Amino acid sequence: MDSNEKCDTNKLFGLNGQSAHPLTDANGDMYNIGFSLFPSAKYSVVKMAKANSSKEMMKKAKIIASIPSQWNGAMAVNHSFGMTQNYIIFIEQPFVVTLSKIAQSVLKGETLKDVLEWRSQEKNRFHIIEKGSGKVVKTEIVAADPFYFMHFVNCFEQDGQVIVKQYKQTKEASASNV
Ligand SMILES: [Fe+2]
């Protein structure tokens, strides 16, 4: 977006933050996935429909879908997400920030790295959201093994299927990368 103005997503949508990589589709509409921590942790898909200026896009922006965190008091690190022509793909990874650790970090003056937690007994859950309706169409696809990632490689639709090309890193890699 070509704006130098600040935008407070908390005031606009009640979100505490958004992923680092919003995506724009062929129509010119921009999407991002944000999160809110209270009253319970959830992820929200924000659509910023194409407009003549970035200011207007922000004015028209709205949350089209929300997904509760699969964990009580914790939520996945979400640096990026995937998009196809018709769908948003969000992978909830077992690399989490816990609300109790955030409170602790504020008191102790710790960094974000200190509040992250790798949950090796948990697995990645794939969420697929239809862009047109905002409907969450799939949430039951779960990875065979837990994995960490920062960025998506590629997503596309083929023969009625959503294909996600993704790399996987191990817990050790995740710890050294953040
Ligand atoms: Fe990045």
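The values are calculated or read from the model by the stated rules, or taken from the named source; none is laboratory data. Quantities reported herein were computed from a predicted structural model and do not represent experimental measurements. Using ideal geometry, Cβ is built from the backbone for each residue, glycine included, and neighbour counts are taken over all protein chains shown.
Side notes on the structure shown:
- Test: residue in region 128-139 that is within 16 Å of the ligand (Cβ to nearest atom) and within 15 Å of the chain's Cα centre (by Cα): no
- Options Ile67, Ile141; residue that is part of a strand (DSSP E or B), under 25 Å from Val162 (Cβ atoms) and at pLDDT 90 or above: Ile67
- Considering Lys47, Lys55, the condition of being outside any strand (DSSP E or B) and either away from the ligand (no atom under 16 Å from the Cβ) or free of Cβ contacts under 8 Å to residues at least 24 places away in the same chain (or both) is satisfied by Lys55 alone.
Yes/no matrix, rows are residues, columns are (1) over 24 Å from Phe126 (Cα atoms); (2) touching a helix residue (DSSP H, G or I) at 6+ places or on another chain (Cβ under 6 Å); (3) surrounded by 16 or more Cβ atoms within 10 Å (Cβ to Cβ):
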| position | (1), (2), (3) |
| --- | --- |
| Leu12 | yes, no, no |
| Leu15 | no, yes, yes |
| Ser19 | no, no, yes |
| Tyr31 | no, no, yes |
| Ser40 | no, no, no |
| Ser54 | yes, no, yes |
| Ala65 | no, no, yes |
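- In summary, Val97 fulfils each of the numbered conditions (1) surrounded by 19 or more Cβ atoms within 10 Å (Cβ to Cβ); (2) within 29 Å of Phe156 (Cα to Cα) with the single exception of condition (2).
- Scanning region 73-88 for residues that are away from the ligand (no atom under 16 Å from the Cβ), within 15 Å of Val136 (Cα to Cα) and hydrophobic (A, V, I, L, M, F, W, C) yields one hit, Ile88.
- Considering region 18-32, the residues that are within 16 Å of the ligand (Cβ to nearest atom) and in a loop (DSSP other than H, G, I, E, B) include one that is nearest to the chain's Cα centre (by Cα), namely Ser19.
- Candidate set from region 101-119 (those that are more than 20 Å from the chain's Cα centre (by Cα) and not charged (D, E, K, R)); member that is farthest from Gly82 (Cα to Cα): Leu107
- Residue pairs whose Cβ atoms lie under 7 Å apart, sitting 6 or more positions apart in sequence or on different chains, and linking a residue in region 67-93 that is at positive phi to a partner that is polar (S, T, N, Q) and surrounded by fewer than 21 Cβ atoms within 10 Å (Cβ to Cβ), are Gly73/Thr98; Gly73/Ser100.
- Checklist (1) away from the ligand (no atom under 16 Å from the Cβ); (2) modelled with pLDDT of 90 or more applied to His151, failing item: (1)
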